[in-house]
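Read the structure below first, then the notes.
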2 protein chains.
Amino acid sequence: MSGEEAPARQQQESAEEKTENPPTEEPPSEAAQEGEPSPAEEPADEPAAATPDRAPVAPDEEVFSYRALFLTGYGGYDKVKLQVKKGKPSLKNAEVLVRVKACGLNFAELLGRQGMYELLPSPPVTPGMECSGVIEALGEEVTDRKVGDRVLVLSRHGLWQEVVVVPASQTFIMPESMSFEEAAALPVNYLTAYMMLFEMANVRAGQSILIHMAAGGVGIAATQLCQLLEDVTVFGTASASKHETISQGGVTHPIDYRTRDYAEEIRKISPKGLDVVLDPLGGSDTQKAFSLLKPMGTLIVFGAANCVTGQKKNLLAVAKTWYNQFTINTLRLMHANKAVCGFHLGYLSDEELITQTMTRLLELYTQGKIKPRIDSTYHFEQVGDAMRRMHERNNIGKVILLPEPKKEEEKPESNPEPAETEDKKEEEKDENKMETGTEEVKREEN
Amino acid sequence: MSGEEAPARQQQESAEEKTENPPTEEPPSEAAQEGEPSPAEEPADEPAAATPDRAPVAPDEEVFSYRALFLTGYGGYDKVKLQVKKGKPSLKNAEVLVRVKACGLNFAELLGRQGMYELLPSPPVTPGMECSGVIEALGEEVTDRKVGDRVLVLSRHGLWQEVVVVPASQTFIMPESMSFEEAAALPVNYLTAYMMLFEMANVRAGQSILIHMAAGGVGIAATQLCQLLEDVTVFGTASASKHETISQGGVTHPIDYRTRDYAEEIRKISPKGLDVVLDPLGGSDTQKAFSLLKPMGTLIVFGAANCVTGQKKNLLAVAKTWYNQFTINTLRLMHANKAVCGFHLGYLSDEELITQTMTRLLELYTQGKIKPRIDSTYHFEQVGDAMRRMHERNNIGKVILLPEPKKEEEKPESNPEPAETEDKKEEEKDENKMETGTEEVKREEN
């Protein structure tokens, strides 16, 4: 993600700096439980606590409090807890304080909860790589943002909070027509898809591409972005109940990977092979992907979703995925005339490229050429349900988290697409309706 | 190379078909020695003999003879022999007969002579992947070529002959202003460079690139093609005596790899790394190349020139190169956000792509944007000297072979660039002048 200093890390740094910068009158916050049914495991070492160490704190800020999610340990859904932090976070010169309206859930957070995402610091830690909201305060040196700006935010982690403090350079002004949910759904999936397609693979008009998990966040983004070019043939894997939706989104040939050998299906239609394969699966699927490429074709590996099966870490799945990890030598690459690339937004430190690409994506949104598809929204206290939805591959598009408390009697907002196809193998578990539809698991890591 | 049916292979097929198609009155040719000082090793199984098995032979064709080079076994320069073939080759429907004026020498032929180029059939065989000449006869179905057309020809092997028969689809009409030497120098080097730069790496304005062997055939082609884009920074390795020439050709930072650690030099100038590295060397240099890439950078391996040291196969160099062969897994690629590609024109079977690219290259030539640099020309009987020149890295640009016999008293035509730099480590061995200059060994395989 852009920015070396993710909010949570900054806050950790702030805590560490306490000896140098004596604490203000504001006492260290005590996290409180709210709307969280399971007994709270108080984080032993609260890293993201709002302990302002620089800015003087006005008396009224003593009552400033906000909701935040914490990963308290590795394991199942219950390891993510809702807490209330007290005390207004301090702002450094180049930072802004954002009142968060919506957060994106990514596959990285599912991996992180299982202890398999090395970019997430050890618990207790606040996850969250993307959010949207309104700027509420500016650091002294910030001149290109103003209070009231609607922004989307990208970070390495730490954004699943009602209030975040981030460098202004990690915020992007939202187009007027964009909803907060869309803004929270865009950064990770669309940056990933755009960079893979146009920076790495250089997809061109008339080419063919395989998009695994075509109903996932990156899958939908990549499918939409392929429509920028003339005559791109998109093969997309998804369970049968999602085929109608992904076809409408631009997938030329939907393939039900649960009932058919997708490689065989593709070879029937494109015996010469494919120009591009996007592989979020890893393991033996990467070998399949490589063999599906035509000469001069490009394989981009951007995840190892095959590692993840159930709610908790599955050592067998991990071992199998790593055992089958694709390894290649240059002689084989030369004989095949093929390209193999790796992509991981989390490890990409080129802020200029990220900013350029985000600017381009927001243009495309304004032009109506891309539009994030929201699968469902969950309040912070429902984060376990949100994760389950993604884990069990019931989403079509993005799962969104909302910091605002769930009202009494409010039903969980989610809208599984009715399974209208004949294939009954897939069970939709969350049947509540909302405006934007449902979707399959985003297996991508980013 | 384009075309599944290379001439020599066709001729082999013709020979094999003899049982079905009884030989004509034309006797199998007896190869004769001409201008070849060493005793001839008659190929045991003459594959490319002109044994017309289809077209009726007119009486005057009985005296039809032409010069051809043969690889008679694996080893040193003396393994390539000049012979005279008799009898006019027959033409199939879609083929043309070309009177060859100039042939290109490629690194693949140096490898082939050492028994290290698996695409060249076993000796005895006629090497030669590119040539230029004039069409002298047409097969019945050929409508888009006419007798007298000046063409360049691309094939897998078999073109080092005074007369070749090839599918018309493997010939390309030469621009009017192009010399036969230029036409023979263009196909392999420029196709390789163009496809790597624009099909695989997608080089863009403002990027940086490392071109090893920048004074070699592919090196010069790649440097010229980079000039099509604004503001591309080209790092080029070559011995010091060639720096002036390659700088004039467009290399921004020439680096003498013999006296300096090129990776260190590049890091001083571009601490963030490079967007693209073209690697014809293999072995440990590939690892260096990978580490020189910036995130989102692309490495293209297109040879293993480090395998080749002396005139004969050096098992130690081969073992060392293979031992150090670059192998990578997808996890490492993801963490690095990098692309690794392999390119080998010889293994590329996409004729449509080759034809499109060649058409583009000929346009660029006509527009004055590319121009093959001829290092030197050698007559067929001097093929050993030509190979030595490339092997010992004395060429700057392309080494050309001429089928026409060397006249008495004619000196070898070659023009080493005077070693004007202060670096005296490199010895120029061939000091004869000609119009177009000299160059370092083309280490690339294609």
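The values are calculated or read from the model by the stated rules, or taken from the named source; none is laboratory data. All values derive from a computational prediction rather than experimental measurement. A quick note on method: Cβ atoms are made from the backbone with ideal geometry, for glycine too, and the neighbour counts reach across all protein chains shown. The protein model used for the area step is the full one, side chains on, heavy atoms only, and it has no ligands, DNA or RNA in it. Shrake-Rupley method; radii C 1.70, N 1.55, O 1.52, S 1.80 Å.
Numbers at a glance
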| quantity | calculated |
| --- | --- |
| Every residue from segment B:292-314 that is within 11 Å of another protein chain (Cβ to nearest Cβ), open to solvent by 10 Å² or more (accessible area, probe 1.4 Å) and among the β-branched types (Val, Ile, Thr) | B:298 |
| Odd one out for residue A:278, checked against (1) open to solvent by 10 Å² or more (accessible area, probe 1.4 Å); (2) more than 11 Å from chain B (Cβ to nearest Cβ); (3) within 24 Å of the chain's Cα centre (by Cα) | (1) |
| Verdict on residue A:104 being crowded, with 24+ Cβ neighbours inside 10 Å and either on the phi > 0 side of the Ramachandran plot or aromatic (Phe, Trp, Tyr) (or both) | no |
| Residue in segment A:256-271 that is in a strand (DSSP E or B) and modelled with pLDDT of 95 or more present | no |
| Residue within segment A:322-329 that is surrounded by fewer than 17 Cβ atoms within 10 Å (Cβ to Cβ), more than 9 Å from chain B (Cβ to nearest Cβ), in contact with a Gly (Cβ under 9 Å, 6 or more places away or on another chain) and aromatic (Phe, Trp, Tyr) present | yes |
| Selection count where residues are in a loop (DSSP other than H, G, I, E, B), closer than 21 Å to residue A:315 by Cα and of a type in the set (Gly, Ala, Ser), scope segment A:99-153 | 2 |
| Yes/no for residue B:156 being modelled with pLDDT under 95, in a loop (DSSP other than H, G, I, E, B) and in contact with a Leu (Cβ under 8 Å, 6 or more places away or on another chain) | yes |
| In segment B:348-369, residue nearest to the other protein chains (Cβ to nearest Cβ) [restricted to those that are open to solvent by less than 40 Å² (accessible area, probe 1.4 Å) and within 19 Å of residue B:202 (Cβ to Cβ)] | B:348 |
| Pair list, Cβ under 6 Å, 6 or more apart: segment B:335-347 residue over 14 Å from residue B:299 (Cα atoms) and at the interface with chain A (Cβ under 7 Å from one of its Cβ atoms), other residue at pLDDT 95 or above and open to solvent by less than 10 Å² (accessible area, probe 1.4 Å) | B:347/A:337 |
| Candidates A:298, A:321, A:359, A:327, filtered to the one that is among the hydroxyl-bearing types (Ser, Thr, Tyr) and farther than 30 Å from residue B:324 by Cβ | A:359 |
| Considering residues of segment B:260-275 that are charged (D, E, K, R) and more than 21 Å from residue B:333 (Cβ to Cβ) only, the residue farthest from the other protein chains (Cβ to nearest Cβ) | B:260 |
| Conditions (1) within 30 Å of residue B:199 (Cβ to Cβ); (2) more than 16 Å from the chain's Cα centre (by Cα); (3) hydrophobic (A, V, I, L, M, F, W, C); number of the one not met by residue B:358 | (2) |
| Meets criteria (more than 14 Å from chain A (Cβ to nearest Cβ), surrounded by 21 or more Cβ atoms within 10 Å (Cβ to Cβ) and closer than 26 Å to residue B:198 by Cα) for residue B:374 | yes |
| Segment A:61-91, residues that are in contact (Cβ under 8 Å) with a residue 60 or more places away in the chain, touching a Lys or Arg at 6+ places or on another chain (Cβ under 8 Å) and surrounded by fewer than 18 Cβ atoms within 10 Å (Cβ to Cβ) | A:74, A:75, A:76, A:77 |
| Filter pass, residue A:294 being assigned to a strand (DSSP E or B) and of a type outside the set (S, T, N, Q) | yes |
| Every pair of residues 6+ apart whose Cβ atoms lie under 9 Å, when the first sits in segment B:297-319 and is within 20 Å of residue B:258 (Cβ to Cβ) while the second is in a strand (DSSP E or B) | B:303/B:279 |
| Members of segment A:112-147 found to be surrounded by fewer than 21 Cβ atoms within 10 Å (Cβ to Cβ) and among the hydroxyl-bearing types (Ser, Thr, Tyr), listed by number | A:117, A:122, A:143 |
| Residue within segment B:148-158 that is open to solvent by 10 Å² or more (accessible area, probe 1.4 Å) and at positive phi present | yes |
